[in-house]
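The values are calculated or read from the model by the stated rules, or taken from the named source; none is laboratory data. Computed from a prediction, not measured in an experiment: that's the story for all the values here. Using ideal geometry, Cβ is built from the backbone for each residue, glycine included, and neighbour counts are taken over all protein chains shown. Side chains included, ligands, DNA and RNA excluded: accessible areas come from the protein's heavy atoms. Shrake-Rupley method; radii C 1.70, N 1.55, O 1.52, S 1.80 Å.
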Amino acid sequence: HTANWGKLEADYRLARDYALTAGVDYTSRTKMDWKAVANNASNNYQNPEYEYSRSMSELTYRLALRKTMSETVNGTLTFAHAERQGSENRLSSGATAPPQYPGYLADRKREKVRALVDWSAAENLNFQAAYEAYFDNYENSSYGLDKGSGQILSVDGSYTLNDAWKFNTWYSKQVGD
């Protein structure tokens with residue numbers, strides 16, 4: 001299994017404590033191999049194993065607007081568009097049955113919006129809250145997928161007691177269909 005990640009990002013400071021960030025993220029995974037077991041009437045329930053290999057890449061474009069609202073509160077609103085594509089299916093050992101790949105490898109287009117608020121309540125106390133919504137479109141998917149969406153809400157906090165002790169807590173909830 002080989003994975004490559006890359007990121008290109010540019011920041012531009014605007015007037016009145018605003019900043020704009022534009023970025024491109026790239027992910028590539030190759031040699032994702034696994035075995036599939038076919039157990040059906042067409043092969044007389046013989047359970048042959050087939051080895052499959054697949055690669056995929058994802059390219060994400062994002063734009064974020066940050067605002068310093070006070071000396072202790074910052075906010076960020078991010079919009080992103082991602083496209084994930086996989087290579088042709090490759091069958092390693094003689095099979096005629098179509099492979100069943102996990103849904104997380106399916107080609108898709110994703111639109112995402114994310115809001116984040118960071119609050120430094122005191123020098124040693126910090127809180128963050130984030131909300132994210134995403135909308136997936138699986139065009140011509142051989143996985144049986146059509147559309148999907150989801151939301152993520154998370155909150156976290158940290159407290160620094162001294163140079164030796166720091167406490168962290170977080171909660172995250174994701175719902176999707």
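Summed over the residues of the stretch 116-177 and divided among them, the accessible surface reaches 74 Å² per residue at a probe radius of 1.4 Å. If R0 is taken as 30 Å, the Cβ-Cβ distance between residue 158 and residue 137 corresponds to a FRET efficiency of 0.20.
Counting protein heavy atoms only, the stretch 125-177 has 54 percent of its accessible area on carbon and sulfur, 1.4 angstrom probe. What pairs from 109/147; 7/147; 7/112; 67/166 go past 20 Å between their alpha carbons? In this structure, 7/147; 67/166 lie more than 20 Å apart at Cα.
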